[in-house]
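Shown next, in structure tokens, is the structure this report addresses.
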Amino acid sequence: MNEIIFTMDDGLCKISKSKLEYQFQIMFRSTCFQWGFYDPQMSGSIDGTDLVPHDRALVRAYQSKYKRPHRSPSTLFIGHIPPTCTEDDLAKIFPTASQIELIRDTVTRESKGYAFLDGKIDRKKEYQFNGHILLVEDVASKKLVGWKPRRCGGGFGGRKESGQLRFGGSQRPFKQPYHVNDQVKQRWKYLEKQRDEFK
């Protein structure tokens, strides 16, 4: 079947699958970095189409007030850092970095498993520490309008067991939506308008 039949207010309508797939390709983007904005509800959905929050953390993300830190435009986020990895180890892994800040717990001084990096590196290269693949991502607070970190109920990644699974990052991108209705399209356009007004 090459046509999809759906209901509208004035009756039944038909649209070809190829035309529908083309419309999805024009509007759909697999990561928040391609959209240029971050929306907690959108990132809480595997395909970015959910319209109703499904966990309390999403509500908390909308209610939270997050102020973006002042970092240089070249800052990158390095994640999945094993506890035994130190600043010196990261300096060896990223020799072209001008500055590396490994984030530690203020009380125990143990690594929190992520760092911020200033400088230019080869983004196509895979970086490892003792067999662990490190995640290299743009700093979302610099690139995305409306960014909310994990501590505020947003962020990327996470575990299903924690009830705070988030999509839209390079490691866990959005899936291609099977169906996009007018409400979803209107929401995406509204978010894009907010992004453009912020810039």
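Okay, here's what the table says:
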item: Qualifying residue in segment 174-192 (condition: part of a loop (DSSP other than H, G, I, E, B), modelled with pLDDT of 90 or more and among the charged types (D, E, K, R)); result: yes
item: Checklist (1) surrounded by 15 or more Cβ atoms within 10 Å (Cβ to Cβ); (2) over 23 Å from residue 156 (Cα atoms) applied to residue 79, failing item; result: (2)
item: Single condition residue 88 does not satisfy, out of (1) assigned to a helix (DSSP H, G or I); (2) farther than 22 Å from residue 114 by Cα; result: (2)
item: Residue list for segment 42-62, restricted to those being in contact (Cβ under 8 Å) with a residue 60 or more places away in the chain, within 16 Å of residue 186 (Cβ to Cβ) and assigned to a loop (DSSP other than H, G, I, E, B); result: 45, 48, 49, 51
item: Residue 107, sole failed condition from (1) of a type in the set (A, V, I, L, M); (2) over 23 Å from residue 159 (Cβ atoms); (3) not in a loop (DSSP other than H, G, I, E, B); result: (3)
item: Residue match in segment 164-173 (condition: outside the structural domain of residue 44 (by TED's automatic domain parsing) and of a type in the set (Ser, Thr, Tyr)); result: no
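The values are calculated or read from the model by the stated rules, or taken from the named source; none is laboratory data. Just so you know, these numbers come straight off a predicted model, no measurement behind them. Glycine gets a Cβ as well: all are built from the backbone with ideal geometry, and neighbour counts include every protein chain shown.
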